Amino acid sequence: MLLLLAVVLGALTVPLTGGKLSALGSVKLRLVPAIFGAVALQLLIVTVLPGGSAWIHRILHVASYGLAAAFLVANRKIAGMWIVAAGAGLNLLAILANGGVMPASAHAERVAGIATNAHDFANSAALAHPRVLFLGDILAVPKALPAANVYSIGDVLIAIGAIVVVHALCGSHLRRARRSSQSV
């Protein structure tokens, strides 16, 4: 949800900074099936088929990050993509350190109003003994707000990176201003 909000915010602010949303129509991203595969895997294990073998779900969760990494590497020359990659890398580090599950703060889950079913796979969960919890889902948007959920530092970086990517692809003044100040 945070990523979707970031892309929408990026798109809404492009015209305000002199960019052209129509430029997105001519963008040729590489390995697009990889990112769609990553999203499809995550939806499959969390929403469509959350029950079943925990270890298969954990392997598929990590595999989704492999697909996303392939997309990010293939498109690494796009401004902002390294920020997205850094956020995804932090998330993957936390997930790998916790056996395929993103550790979450129990307090953050309560604030966000997240209830878990112990029998279903949760890509993010309050664990008994989490490793690197500071990289986990510790930031909460309260349940009274539309985007209520728990988020990680990596998620925030991914969202910021997505906004930068949208602005770069649309040729906004923000991107051009940065380029001009670097050449001085």
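Can you go through Leu127, Leu93, Leu60, Leu133 and tell me which one is among the aliphatic types (A, V, I, L, M) and closer than 27 Å to Val166 by Cα?
Answer to the selection: Leu93.
Here is a yes/no grid of residues against (1) modelled with pLDDT of 95 or more; (2) among the charged types (D, E, K, R); (3) in contact with a helix residue (DSSP H, G or I) (Cβ under 7 Å, 6 or more places away or on another chain); (4) closer than 18 Å to Leu41 by Cβ:
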{"residue": "Ala68", "(1), (2), (3), (4)": "yes, no, yes, yes"}
{"residue": "Ala97", "(1), (2), (3), (4)": "yes, no, no, no"}
{"residue": "His107", "(1), (2), (3), (4)": "yes, no, no, no"}
{"residue": "Gly136", "(1), (2), (3), (4)": "yes, no, yes, no"}
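Please determine whether any residue of region 140-154 is charged (D, E, K, R) and surrounded by 14 or more Cβ atoms within 10 Å (Cβ to Cβ).
Step one: list which residues in region 140-154 are charged (D, E, K, R), which gives 143.
Those left that are additionally surrounded by 14 or more Cβ atoms within 10 Å (Cβ to Cβ): none.
Looking through region 140-154, none of the residues is charged (D, E, K, R) and surrounded by 14 or more Cβ atoms within 10 Å (Cβ to Cβ).
Restricting attention to region 63-77, does a residue exist that is over 20 Å from Leu4 (Cβ atoms) and buried (at least 19 other Cβ atoms within 10 Å of the Cβ)?
Taking every residue of region 63-77 in turn, none turns out to be over 20 Å from Leu4 (Cβ atoms) and buried (at least 19 other Cβ atoms within 10 Å of the Cβ).
Determine whether region 36-57 contains at least one residue that is of a type in the set (Phe, Trp, Tyr), surrounded by fewer than 16 Cβ atoms within 10 Å (Cβ to Cβ) and at pLDDT 95 or above.
The answer is yes; a qualifying residue exists.
Just to check your reading of the model, which residue among Ala38, Ala85, Ala69, Ala108 is assigned to a helix (DSSP H, G or I) and closer than 15 Å to Val165 by Cβ?
Ala85
Suppose the filter is within 22 Å of Gly25 (Cβ to Cβ) and modelled with pLDDT of 95 or more; does Val156 pass it?
Details: within 22 Å of Gly25 (Cβ to Cβ): no; modelled with pLDDT of 95 or more: yes.
No, not satisfied.
Condition check: surrounded by fewer than 19 Cβ atoms within 10 Å (Cβ to Cβ), farther than 30 Å from Val27 by Cα and in contact with a strand residue (DSSP E or B) (Cβ under 7 Å, 6 or more places away or on another chain). Does Leu93 satisfy that?
Numbers: surrounded by fewer than 19 Cβ atoms within 10 Å (Cβ to Cβ): yes; farther than 30 Å from Val27 by Cα: yes; in contact with a strand residue (DSSP E or B) (Cβ under 7 Å, 6 or more places away or on another chain): no.
Answer is no for this residue.
From the list Gly25, Gly66, exactly one residue is out of contact with any Phe, Trp or Tyr (no Cβ under 8 Å at 6 or more places or on another chain) and more than 30 Å from Val101 (Cα to Cα). Which is it?
Sole residue among the options that is out of contact with any Phe, Trp or Tyr (no Cβ under 8 Å at 6 or more places or on another chain) and more than 30 Å from Val101 (Cα to Cα): Gly25.
Among the residues that make up region 166-177, is at least one of them under 10 Å from Gly80 (Cβ atoms), surrounded by 23 or more Cβ atoms within 10 Å (Cβ to Cβ), of a type in the set (A, V, I, L, M) and at pLDDT 95 or above? Reasoning before the result, please.
Pass one, region 166-177, residues under 10 Å from Gly80 (Cβ atoms): 166-169, 175.
Pick out the ones that are also surrounded by 23 or more Cβ atoms within 10 Å (Cβ to Cβ) and you get 166-167.
From the residues that got through so far, the ones that are of a type in the set (A, V, I, L, M) too are 166.
Pick out the ones that are also at pLDDT 95 or above and you get 166.
Checking region 166-177: at least one residue is under 10 Å from Gly80 (Cβ atoms), surrounded by 23 or more Cβ atoms within 10 Å (Cβ to Cβ), of a type in the set (A, V, I, L, M) and at pLDDT 95 or above.
The values are calculated or read from the model by the stated rules, or taken from the named source; none is laboratory data. This is a predicted model, so every value here is computed, not measured. All Cβ positions, even for glycine, are placed from backbone atoms using ideal geometry, and neighbour counts span all protein chains on display.
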